[in-house]
Amino acid sequence: MNKIKELRLKHGDTLKDLAKKINYDFSYLSKIEREISTPSISLLKKVAKTYNVNITYLIESDEDIYTSAEKSFISDLDLDMEDILDKYHLTLDGKDITEEELDFMIGVLRKLRYMVQKGNV
């Protein structure tokens, strides 16, 4: 079972309840729970904070879609995306990367990795 859904149900929340608590679109949250979409780090942080669990709990899975290096990075990560962009001066083509761009790039990379692992590429 998806760990976000597991936590949500354990706390008696509906999708709409959790979406409201974390200020997130409930229909996209539903896609994440059904494993149609992959959650961003910022979303995982919000859910972990809401349910008072370590973010590593949310990324541990039977499929192990994250590498050990990613798990280590995420478990050490206790920053907002803005802090990441402040701490690491990320640029592309001479322009600073925005939070939205970083979140999008992470999502794309996860989807590509998943496709490669499943042999769809």
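Read the figures in this text as sums done on the coordinates, not as results from a lab. In this text the structure is predicted, and so the values were computed from the model without any measurement. With ideal geometry, Cβ positions are generated from the backbone for all residues, glycine too; neighbour counts draw on all protein chains shown.
Across the stretch 107-112, rounded Karplus estimates of 3J(HN,Hα) from the backbone phi angles (6.51 cos²θ - 1.76 cosθ + 1.60, θ = phi - 60°) give x, 5, 4, 5, 5, 4 Hz, Gly and Pro being marked x.
Determine the alpha carbon to alpha carbon distance for each of Lys5/Lys45; Lys49/Lys111; Lys10/Lys49; Lys21/Lys111 and list only those over 22 Å. Table pairs above 22 Å Cα-Cα are Lys49/Lys111; Lys21/Lys111. Among Lys95, Lys111, a tally of other beta-carbon atoms within 10 Å of each Cβ gives an order, fewest to most, of Lys95, Lys111.
Available extension along the chain between Tyr28 and Asn2 is 7.9 nm, counting 0.36 nm per residue and deducting the alpha carbon span.
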